[in-house]
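In what follows, a single structure is set out as structure tokens and then discussed.
Just so it is clear, none of the values below were taken in a lab; they were calculated from the coordinates. Since we're looking at a predicted model, the values are computed, not measured. Glycine gets a Cβ as well: all are built from the backbone with ideal geometry, and neighbour counts include every protein chain shown.
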Amino acid sequence: MNPLVELRKVVKDYPLGETVFRALRGVDLTVLEGEFLAITGPSGSGKSTLLHLMGALHRPTSGQVLFEGVDLSNLSPHELARLRNLKIGFVFQQFHLLPRITAWENVALPMVYARVRPAERRERAMEALARVGLLEFARHRPNQLSGGQQQRVAIARALVNNPKLLLADEPTGNLDTQSGREIVELFVSLHGEGRTVVIVSHEPEVAFRAKRVVVLRDGVIQEERRGLC
Ligand code: ADP
């Protein structure tokens, strides 16, 4: 399998008063196409920072991040935005749906930025909602949906431009146990369709279902192991 994302000696500092806080301290990590990787570790260990760097949302302080072999430091902000829009799907703990528009309109948003024709947007949004089992809720607004359903809408939105990489940051963190399980199984089945999936989670169930687990501690990879499935 080809490398999809490569992190080489990645350091990330955040300003902290007069000094800096080193959130990542030289991380080397390669995600191969088609992998299902879980990133775990205690709160504050740098998991979200790592995911944001993989998703071209942040730039490293030093070191390199390569996506499909391209060093992201060579891309302009516009090129990075295009890469995120077309090649990367993000899922967050808080769903981040717009409250005043319907489920399908939320799912269609990434296609607005990608300049897809309106008729095609609607069709593809409906397909993505069907994929996550929510077609009959297409015209509901987020506050008419349960937490688990809202997260499914967010996953449909992440899928709608058919990205190479699906990144999820604590996607079950706001859900009850049963809804959380269903969301994890949805990621498992998306991986089964050949998608590359990286999930940050401190929930053991997520790590159990991933093929490979990376454990972060204090900004470094402490351990790497095969998942249990
Ligand atoms: P995790 O996802 O494992 O909880 P994070 O990547 O969110 O860890 O954060 C790692 C460390 O970096 C934490 O100590 C956090 O306080 C700090 N940090 C994260 N984002 C910022 C920021 N924007 N500014 C300053 N410090 C930050």
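Across the range 147-167, the qualifying residues are those that are in contact with a helix residue (DSSP H, G or I) (Cβ under 7 Å, 6 or more places away or on another chain) and not in a helix (DSSP H, G or I), and the one among them that is nearest to the ligand (Cβ to nearest atom) is Leu167.
At positive phi and within 12 Å of the ligand (Cβ to nearest atom): does that describe Gly44? The answer is yes for Gly44. If the condition is being in contact (Cβ under 8 Å) with a residue 40 or more places away in the chain and either more than 12 Å from the ligand (Cβ to nearest atom) or over 17 Å from the mean Cα position of the chain (by Cα) (or both), then the range 55-80 contributes Gly55, Pro60, Thr61, Ser62, Gly63, Gln64, Val65, Leu66, Phe67, Glu68, Gly69. Here Ala207 meets each of (1) surrounded by fewer than 23 Cβ atoms within 10 Å (Cβ to Cβ); (2) within 16 Å of the ligand (Cβ to nearest atom); (3) among the hydrophobic types (A, V, I, L, M, F, W, C); (4) not in a helix (DSSP H, G or I) with one exception, condition (4). Filtering the range 168-179 to residues that are under 13 Å from Gln94 (Cα atoms) and either outside any loop (DSSP other than H, G, I, E, B) or polar (S, T, N, Q) (or both) leaves Ala168, Asp169, Thr172, Asn174.
When the range 103-136 is filtered for residues that are surrounded by fewer than 21 Cβ atoms within 10 Å (Cβ to Cβ), under 20 Å from the mean Cα position of the chain (by Cα) and part of a loop (DSSP other than H, G, I, E, B), the ones remaining, listed by number, are Ala114, Gly133. One residue stands out among those in the range 11-41 that are within 19 Å of Gly89 (Cβ to Cβ) and crowded, with 21+ Cβ neighbours inside 10 Å: the one that is nearest to the ligand (Cβ to nearest atom), which is Ile39.
Of the numbered criteria (1) within 30 Å of Asn106 (Cα to Cα); (2) within 16 Å of the ligand (Cβ to nearest atom); (3) small (Gly, Ala, Ser), the one Gly89 fails is (2).
The conditions of being surrounded by 22 or more Cβ atoms within 10 Å (Cβ to Cβ), polar (S, T, N, Q) and touching a residue at least 24 places away in the same chain (Cβ under 8 Å) are not met by Gln222.
Using the structure shown, decide if Thr49 is buried (at least 17 other Cβ atoms within 10 Å of the Cβ) and either among the β-branched types (Val, Ile, Thr) or within 13 Å of the ligand (Cβ to nearest atom) (or both). So Thr49 fits the description; yes.
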